[in-house]
Structure formats: C-alpha cells, structure tokens
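The values are calculated or read from the model by the stated rules, or taken from the named source; none is laboratory data. If you're wondering where the values come from, they're calculated on a predicted model, not measured in any experiment. Positions of Cβ are backbone-derived with ideal geometry, glycine not excepted, and every protein chain shown enters the neighbour counts.
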Amino acid sequence: MCEQCKKEPFYLTTAIAYTSGRPHIGNTYEIILSDAIARYKRAQGYDVFFQTGTDEHGQKIEEKAAAEGVTPKEFVDRVAGMIQKNWDLMNVSYDKFIRTTDTYHEKQIQKIFKKLYEQGDIYKSVYEGLYCTPCESFWTESQLVDGCCPDCGRPVKKASEEAYFFRLSKYADRLIEYYDTHPTFIQPQSRKNEMINNFIKPGLQDLCVSRTSFTWGIPVDFDPKHVVYVWIDALSNYITGLGYDVDGNHDPKYKKYWPADIHVIGKDIVRFHTIYWPIMLMALGEPLPKKVFGHPWLLIGEGKMSKSKGNVIYAEDLVHYFGVDAVRYFCLHEMPFAQDGTITWELMIERINSDLANILGNLVNRTISMSNKYFQGEVYNPGVSEPVDEELIALALDTPKRVEKLMEDVHVGDALDEIFVLLKRCNKYIDETMPWKLAKEEDKKDRLATVLYNLLESIRFAAVLLQSFIPETADKILEQLQTETKSLESLETFGNLGSQKVVKKPTILFARIDEKEMLEKIHTELNAPKEQPKEEKKAETPQITIDDFAKVEMKVGTIVSCEKHPKADRLLVEQIDLGDEVRQIVSGIAKYYKPEDIVGKKVIVVTNLKPVQLRGVESNGMVLCALGDKDLSLTGIDKDLPNGTIVR
C-alpha cells in the first residue's frame, strides 16, 4: 500500500505436485494458500510472479505407467493436465505452470549436474541402504520408525547401486550461518528447530543425486546410465522456471525475481527446501530464498488423507456441492499457522452455514435490502453520528492494518478471521442501532441514512480485503454495492463509498444448507455401490490385451478374521493379511460361507481397486471367486506361498 511496493518484485512458489495421481483437497490446500498470498501482494502493489507446476520423473511414475500399459510421458501428461485443471478450478492466479519434463528445464538440470560434478561437489560412489519407493527416499536403519519409512509409514527395501553423491557436509557451517543471520528464513520457528536438531547437528550425510535402477528421469549427459535423482531435478524448478542458465545467460525474469520471497511447501518436505536446496544454491553461487513456509496438513478427521485408506476428499467434489469460494474459505480458515487442520463434510457444512451464509451473506443481503426499502437504494451520508458509530468506524479502519501484519507473517487464516471480526461487528451494529425502528420516525431519517452508510462502507472494507481470499464472492459484493472503489489504498480513510445507488435486489451469496439432506445426497452420489442393471441375455465378454490385464494387481493373502456386515445379510467383512498390510474387504458371499469357515484360507485378492463404501463399511479390494449356477468357491492356490506374493 506504499509507492515503493508498486515497483518491487515479489516471487512466490508452491512445491511442485508429484504426478503420481489425482490431487486431493489436502494437496489442493497449498495452492489456495499461495494464491491468497499472491493476490494480496498484488493488491498491495507488488509486481508478483507466482509459479507452480508438476514434478514428473522417478521410479514410482515409471512403475505406475507400466501398470497402466502407457509410456511414462503419456502418464505424466494425463496427470499434469488433471492437476493444472484442478488449480484452475480453484481460481488460482498463477503466472507460470512449470513441468519438469519441459525441455528447457531438462537441459538446465543436465548443466547444473555437470557443473557441480566438475567443481567437486558431486562424486561417484555406491549406495547401500534402505529405500522407500513411494517417497523416493533412502534411509538408514536408525531413521526408520517401526522398521518403516519415517515419512509415509510404508515398508522399505534394501537397495544397492552405483550413484553420484552431493557433498552436503561441505556447506553445513555456511547453512547454519545463514539460519542465524536470517532468523525468519524458516517458518514456523518449530520447523527450524527440527532441521537443526534432527538433521544438521547429528551431521549431514552426503546426498544421493542419481539413480541407475530406473530410466524415467533426466540422463546424466556424461554418464547416461545414470538419471538425475529427484532433488536436483525437482528443486531447481524454482530457478529454471524464471530462465536461470548455468552459463550466466539468464532470462530477464531471473534477474528481476530471484531470490524467491517465499517458497510455500508442506511440512513434510521442509528438510529438502531448507537444507538440500539452500546448499545447492550455495554450490551454484546463487542467492538463497528469503523465506520457506512449511505449512501444516489438512487432515480428514483425525488422520492423514490416504487413497489406500479410502478416506480421501477431492476438491472437485467439494466444489460440486458447495462452490469454489466456500472451499477456498474453509481451507484458509481451518488451517492454523503451525498445527494441522481438519476437514470433514460435516465441518464444511457447519462453516458455510455459520460464517458464509449467516455472518457474511445475511449481513450483505439485509443491509442492501434496507437501503432499497427505506431509500430506494440511494446511498448517502448526512453525517448524523452517535457514539455507537465510533467503534465500528475505528474497527473498520484498523482491520486492514491487522490483515497486513498477519499476511506479512503468513498467518493467512488469522488474517481472514480479522475480516470476519469486522463483519460480526457490523451485525452487532445493526442490533444496536435498530434501523427498522429509526425508519418509523420521520425526524430520524438522516440518522437512518448515516447508519446504513456506515454499514455499507464497512461491508465495502470487508469486500475489498476478501478479494484475496474469496475473490468471486468479494466481486459479487462490490457489484451489489455498485462501487468501483476497490483498492487497498481506499481503506486508509472511512467514507470512500461516496453517494450512489446499490442494486435494486440483492442476490444470495451463500444459501444455508440442510446438513442431513446434503450428507445423504453426498453419500448416495459418492459412496453408494453402483448396481449394474440385470440383462435378459448374457453379454459377450470383450477380448482384452495383455496390457489391459497388466493393469490388474493381484496378491496372495490370508483371511485372518471375518464377521457379518452389520447392515447387510449377504455381505461378509474380511480382514486379509497381504504381507505388508492387513486390508479390509467386503464380499457378497454370506450366502455360501459362514465367517468362521473362511478364517485362515489363502485367497487371491485384487489390490488396486478403488476403495468403496458398501452399506457404510469400507471395502478396499476384491477377493476372487468362481461362481457356478448354484454355488460359489473362493479362488485359492495349491501351494503355501507367502502373503503378498504377486499373482500374474
């Protein structure tokens, strides 16, 4: 909101989304958060460059592509398109969407790798350790949690291969010095303490930066059997996207916007962005980013969202039922600065009804309605003030300052709360001034006009501030006020609404939702099993290719327990040991088996089916059966193979 801001560049990035599958609302939260920051900085007058994108190489993607019978590039093209469409759905105002398969990026990664190798920061050796494929991370025995990956909790496997390593330890002292001289570099402060105590003080281990066990990656041009591993490839997007060039022929955007003002990332990848990334930049001789904000997670109930658990909520579904701005509001409001937030369908409905429909929507609707009822929509300020006005006006003037301070500290949810404090005060002001009572007395007409002006001007304050958080709704409010005064600068004084007319009939911003009715609708449409229509004639089974068959993952498992479904007589609920996990599966076999008859049986399980809810109980897979005219038999094996054995 100052003159110098209008000339000052501001570079904001998100972590680039991994193209292993469809993003859920927990993934989507980060882009909404970043967009709110970017929009606010633009409103302040900064020259903002907002970059996001996708991370598209690695073993996990190579394996998923093979399972679908497509090339890795075809796979990532589809998923990257899905991610970008999701970001667009959420009304995200990014300036650049980078993909790590972009040719210019790949070329610079090869040059970066070669430069680091030639100056002695990268060397070749052999890696022997424990590897987590989903996280694409190597771990030591001491770093494991209950023998599993400390990040995702999945099993790890022993791996040994030739690899190139980056000398992290060489730069440890310089990194600590940077932490000390830039106390706000890592936010929240607790994340900084984790990095120092858990990773730097025990001694930095050299980082594996190439792989030979898969091919889907950027080849090391001087040793093509190696591909560049994720860290150098993915992290460098923040500079390659601006036109960084190892040879010094940088694009003007790089010279203008680097170093980044803030990297917005999830708390689980703080280590990579505050240890690996700064050290890479030191080795390249480039400036370090000013701030890294490791935001908390958006949990489903009390646990982390997981496709394998079947508890995932997708942004597209939320938008379908509630609209874009309701989803944006919920995500921003429900996430504390440093602690995890929670989302459920019930909480979403509650927040819409209490905050958006009641506090915001009802306030705007009744204020504009009163302006039309009492003054045919004319807005003017006769200046007939009373002491009760002072508190509202003072709060309106103070709110932009509070929001500015909180946004500067990345307390985005708290900043949004401050705007709603003003809206609540407006509702209280209506109760205190009672416009309907003033309207009954002719000599109170100027006082009534003043009251309504104060309300409409305060609503304008809130709407201008809300443009960064729920932009479509903010625009609708400003349109109903029929004002073009929409800048943050206009909030420095109270009374810039002017004399004008509001719309003749206000539109509903957010309708109240019947929770029971909506939950039943959501359950029916998203969770209910899809019944296949019965056919008079048996349809001919279509032929498939080996590629079609390869998409089905089947494993040997043992039924360790079984019980009747609490709501369906024909269903049994089995717990099946698949070696590395116990999976719950619901099967329609109660007509043929009692629960106790199948406990201990070896069965074949389709493990990559999308989880479903069958009469309220989660089913995560399918047990193979042979079905005759009058009988059914579980499909088993004739040898005692270990649980988890792949069936081909």
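So, of the residues in the stretch 587-611 that are within 31 Å of the chain's Cα centre (by Cα) and buried (at least 17 other Cβ atoms within 10 Å of the Cβ), which turns out to be nearest to residue 313 (Cα to Cα)? Among residues in the stretch 587-611 that are within 31 Å of the chain's Cα centre (by Cα) and buried (at least 17 other Cβ atoms within 10 Å of the Cβ), the one nearest to residue 313 (Cα to Cα) is 611.
Please indicate, with yes or no, whether at least one residue in the stretch 139-154 is surrounded by 20 or more Cβ atoms within 10 Å (Cβ to Cβ) and over 16 Å from residue 59 (Cβ atoms). Before the answer, list the steps.
Kept after step one, since they are surrounded by 20 or more Cβ atoms within 10 Å (Cβ to Cβ), are these residues of the stretch 139-154: 149.
Of the ones still in play, those that are also over 16 Å from residue 59 (Cβ atoms) are none.
Within the stretch 139-154, not a single residue is surrounded by 20 or more Cβ atoms within 10 Å (Cβ to Cβ) and over 16 Å from residue 59 (Cβ atoms).
Residue 278 passes every criterion in (1) part of a loop (DSSP other than H, G, I, E, B); (2) under 28 Å from the mean Cα position of the chain (by Cα) apart from (1). Every test in (1) under 26 Å from the mean Cα position of the chain (by Cα); (2) over 25 Å from residue 49 (Cβ atoms); (3) surrounded by fewer than 15 Cβ atoms within 10 Å (Cβ to Cβ) is passed by residue 133 save one, and that test is (3).
Can you confirm whether the stretch 137-150 contains a residue that is closer than 30 Å to residue 411 by Cα and touching a residue at least 24 places away in the same chain (Cβ under 8 Å)? Within the stretch 137-150, not a single residue is closer than 30 Å to residue 411 by Cα and touching a residue at least 24 places away in the same chain (Cβ under 8 Å). Here residue 296 meets the list (1) free of Cβ contacts under 8 Å to residues at least 60 places away in the same chain; (2) more than 30 Å from residue 334 (Cα to Cα) almost entirely, failing just condition (2).
Yes/no per residue for (1) free of Cβ contacts under 8 Å to residues at least 24 places away in the same chain; (2) buried (at least 23 other Cβ atoms within 10 Å of the Cβ); (3) assigned by TED's automatic domain parsing to the domain that holds residue 366:
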residue	(1), (2), (3)
421	no, no, yes
427	no, no, yes
430	no, no, yes
433	no, no, yes
440	yes, no, yes
450	no, no, yes
463	yes, yes, yes
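Among the residues of the stretch 503-532, those that are part of a loop (DSSP other than H, G, I, E, B), under 28 Å from the mean Cα position of the chain (by Cα) and crowded, with 17+ Cβ neighbours inside 10 Å comprise 509, 510, 513. Only one of the numbered conditions (1) closer than 20 Å to residue 118 by Cα; (2) in contact (Cβ under 8 Å) with a residue 60 or more places away in the chain is violated by residue 267, and that is (1). Counting only helices (runs of 4 or more DSSP H) that fall entirely inside the stretch 390-502 and contain at least 3 residues that are among the aliphatic types (A, V, I, L, M) and either at pLDDT 95 or above or farther than 30 Å from residue 187 by Cβ (or both), the qualifying elements are 412-433, 445-466, 471-481.
Residues 582, 599: which one is of a type outside the set (S, T, N, Q), modelled with pLDDT of 85 or more and closer than 20 Å to residue 311 by Cα?
Details: 599 fails: closer than 20 Å to residue 311 by Cα.
Going through 582, 599 in turn, the sole match is 582.
Pull up the stretch 203-254, narrow it to residues that are in a loop (DSSP other than H, G, I, E, B) and acidic (Asp, Glu), then point me to the one that is surrounded by the fewest Cβ atoms within 10 Å (Cβ to Cβ).
In the first step, residues of the stretch 203-254 are kept if they are in a loop (DSSP other than H, G, I, E, B); the result is 203-206, 209, 212-218, 220-226, 229, 236, 241-251.
Retained after the next criterion (residues that are acidic (Asp, Glu)): 206, 221, 223, 245, 247, 251.
Numbers: 206: 17, 221: 14, 223: 16, 245: 15, 247: 8, 251: 15.
Across the stretch 203-254, the extreme among qualifying residues is 247.
In the set (1) farther than 25 Å from residue 257 by Cα; (2) aliphatic (A, V, I, L, M); (3) in contact with an Asp or Glu (Cβ under 7 Å, 6 or more places away or on another chain), residue 70 fails one condition alone, (3). Among the residues of the stretch 270-289, those that are free of Cβ contacts under 8 Å to residues at least 60 places away in the same chain and of a type in the set (Phe, Trp, Tyr) comprise 272, 277.
Of all residues in the stretch 66-95, those satisfying the criterion of being surrounded by fewer than 19 Cβ atoms within 10 Å (Cβ to Cβ) and under 14 Å from residue 215 (Cβ atoms) are 66, 71, 73. Residue selection: residue 241 satisfies the criterion of being in contact with a helix residue (DSSP H, G or I) (Cβ under 8 Å, 6 or more places away or on another chain) and either of a type in the set (Val, Ile, Thr) or within 27 Å of residue 59 (Cα to Cα) (or both). Of all the listed residues (634, 578), the sole one being within 15 Å of residue 554 (Cβ to Cβ), among the hydrophobic types (A, V, I, L, M, F, W, C) and in contact with a Cys (Cβ under 9 Å, 6 or more places away or on another chain) is 634.
When 556, 586, 605 are screened for being touching a Leu at 6+ places or on another chain (Cβ under 7 Å), touching a residue at least 60 places away in the same chain (Cβ under 8 Å) and not small (Gly, Ala, Ser), only 556 passes. If the condition is being closer than 25 Å to residue 269 by Cα and free of Cβ contacts under 8 Å to residues at least 60 places away in the same chain, then the stretch 211-230 contributes only 212. Looking only at residues in the stretch 134-160 that are in contact with a helix residue (DSSP H, G or I) (Cβ under 7 Å, 6 or more places away or on another chain) and either over 19 Å from residue 232 (Cβ atoms) or of a type in the set (Phe, Trp, Tyr) (or both), the one that is modelled with the highest pLDDT is 150.
Search the stretch 181-197 for residues being of a type outside the set (Val, Ile, Thr) and either free of Cβ contacts under 8 Å to residues at least 40 places away in the same chain or part of a loop (DSSP other than H, G, I, E, B) (or both), and hand back the single one that is farthest from residue 293 (Cα to Cα). If you could, list the steps in order and put the result at the bottom.
Within the stretch 181-197, the subset of a type outside the set (Val, Ile, Thr) is 182-183, 185, 187-195, 197.
When the remaining residues are screened for being either free of Cβ contacts under 8 Å to residues at least 40 places away in the same chain or part of a loop (DSSP other than H, G, I, E, B) (or both), the result is 182-183, 185, 188-189, 193, 197.
Numbers: 182: 14, 183: 13, 185: 8, 188: 7, 189: 10, 193: 14, 197: 18 Å.
So the residue we want is 197.
Taken over the stretch 316-350, the residue count meeting the criterion of being assigned to a helix (DSSP H, G or I) and touching a residue at least 24 places away in the same chain (Cβ under 8 Å) is 21.
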